[in-house]
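Report on one structure; see the data block that follows.
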Amino acid sequence: MSQLPPQLTACPACQEPLEPADNFCGGCGVDLSAVPPAPDDPRAVGWRRPDTSVAREADDYRLAPPAAGVPAQPARGAGPAGPCAACRSGMIDNDGYCEHCGHAQPRERDHMEHESAGVAAVTDRGLRHHRNEDAYAVSTTDLPGRPPAVVAVVSDGVSSAARPDEASAAAVEAAHDSLVTALSRGTAPKEATHEAVVAAAEAVAALTTPGHEPREHGHYRHENAPACTIVSAVVTGDLLTVGWVGDSRAYWVPDDRSKQPARLTEDDSWAAQMVAAGLMSEAEAYADERAHAITGWLGADAYEVEPHTASYHLDRPGVVIVCTDGLWNYAESAEEMASVVPADARSRPLECARRLLTHALDGGGHDNVTVAVVPFPSRAEGAGSA
């Protein structure tokens with residue numbers, strides 16, 4: 001993504017105030033890397049203000065494909081087929097906008113949902129981003145002679161890197177396929193999780209264009225290699241295994257709310273490093289503007305990918321929440337997350353995922369939001385593959 005020119009303080013299309021790090025206008029979604037020419041410039045003829053309101057219409061939401069939850073990636077530069085969803089008459093250009101009324105067209109990844117016997121997931125573009133750079137992959141798979149394996153993988157594309165939406169999609173697809181294959185051949189969940197994160201890292205690194213060299217200065221952010229975070233959860237019998245790199249998280253919320261909920265992952269972030277080093281309290285660190293600067297990610301520019309894995313034998317019913325920071329920014333602690341999770345989450349995981357999404361949107365929806373809800377014990381006995 002291109003960096004915002006330093007002199008631009010308001011959107012040239014709608015005059016929405018801009019932050020220095022903004023790449024797209026939060027009000028109308030215009031790409032700020034393509035700053036429109038001055039009104040008296042002949043090139044200004046035909047320039048239009050994009051309108052992203054259509055993409056928020058509930059009727060345009062689509063159900064996620066049943067296994068991976070990630071749609072096939074369209075050819076880059078190819079606009080949606082068919083007439084405009086807003087005016088029903090204009091044709092769609094290669095950027096996804098109507099040539100007649102200027103409305104942005106809904107994309108499949110703007111909002112997707114999935115539910116099977118063992119897991120439910122929802123992803124949404126949020127209220128401020130022009131596209132969804134999160135992705136998820138979920139499934140339930142029968143294992144011969146063993147309890148079914150429920151797999152949930154969530155990824156958050158790094159917006160300051162190139163093609164973050166492609167990075168997250170590649171990561172969840174590779175990790176999910178690796179996990180299912182490894183578990184099916186009898187690999188222990190913790191080892192399978194480690195292998196899956198490595199496979200995801202390789203898939204994201206493979207997106208780098210030939211001749212790419214890492215750039216550190218902000219002026220070259222649009223040349224950074226595709227990058228993303230990842231978090232996964234696998235439930236097999238009474239064993240929960242999580243793996244992660246970056247700051248996407250997993251939480252445990254028991255049905256009995258008198259019991260302690262728990263955050264199951266530790267962020268690869270500046271704030272987490274400050275707390276671990278004893279230099280700041282958690283409240284101080286996460287209040288700092290540098291809090292969410294990640295120190296671990298997947299991508300060719302990553303210094304060294306070190307997958308984190310942990311396993312837990314759960315002894316009571318509840319749900320595992322796997323999510324990006326688009327959700328946990330609005331429910332950061334385990335206690336805050338538990339307070340938002342409905343009491344019937346284990347029996348209605350999709351409704352729980354939708355409730356958590358609504359909580360994030362009501363809080364401001366400043367980022368893409370993705371959440372998978374995994375009931376425990378699994379309801380997937382005899383369910384087959386999702």
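The values are calculated or read from the model by the stated rules, or taken from the named source; none is laboratory data. These figures come from a predicted structure and were not determined experimentally. In this analysis, Cβ positions are derived from the backbone assuming ideal geometry, glycine residues included, and neighbour counts consider all displayed protein chains. Ligands, DNA and RNA are excluded from the accessible area calculation, which covers all protein heavy atoms including side chains. Shrake-Rupley method; radii C 1.70, N 1.55, O 1.52, S 1.80 Å.
Structure data summary
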| read-out | value |
| --- | --- |
| Only one of 363, 326 that is open to solvent by 40 Å² or more (accessible area, probe 1.4 Å), touching a residue at least 12 places away in the same chain (Cβ under 8 Å) and under 19 Å from the mean Cα position of the chain (by Cα) | 363 |
| Matching residues in segment 262-279 - criterion: being assigned to a loop (DSSP other than H, G, I, E, B), in contact (Cβ under 8 Å) with a residue 24 or more places away in the chain and open to solvent by 20 Å² or more (accessible area, probe 1.4 Å) | 266, 268 |
| Selection from segment 257-288 of residues that are closer than 29 Å to residue 172 by Cα, charged (D, E, K, R) and out of contact with any strand residue (DSSP E or B) (no Cβ under 6 Å at 6 or more places or on another chain) | 266, 267 |
| Scan of segment 101-142 for residues that are within 28 Å of residue 235 (Cβ to Cβ), of a type in the set (A, V, I, L, M) and open to solvent by 10 Å² or more (accessible area, probe 1.4 Å), ordered by number | 117 |
| Residue check, residue 291 open to solvent by less than 30 Å² (accessible area, probe 1.4 Å), touching a strand residue (DSSP E or B) at 6+ places or on another chain (Cβ under 9 Å) and part of a loop (DSSP other than H, G, I, E, B) | yes |
| Condition check for residue 283: open to solvent by 70 Å² or more (accessible area, probe 1.4 Å), of a type in the set (Gly, Ala, Ser) and either part of a helix (DSSP H, G or I) or not assigned by TED's automatic domain parsing to the domain that holds residue 251 (or both) | yes |
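Condition check ((1) in contact with a Pro (Cβ under 9 Å, 6 or more places away or on another chain); (2) modelled with pLDDT under 95; (3) assigned to a loop (DSSP other than H, G, I, E, B)) across all residues:
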site	(1), (2), (3)
310	no, no, no
319	yes, no, no
330	no, no, yes
343	no, no, yes
367	no, no, yes
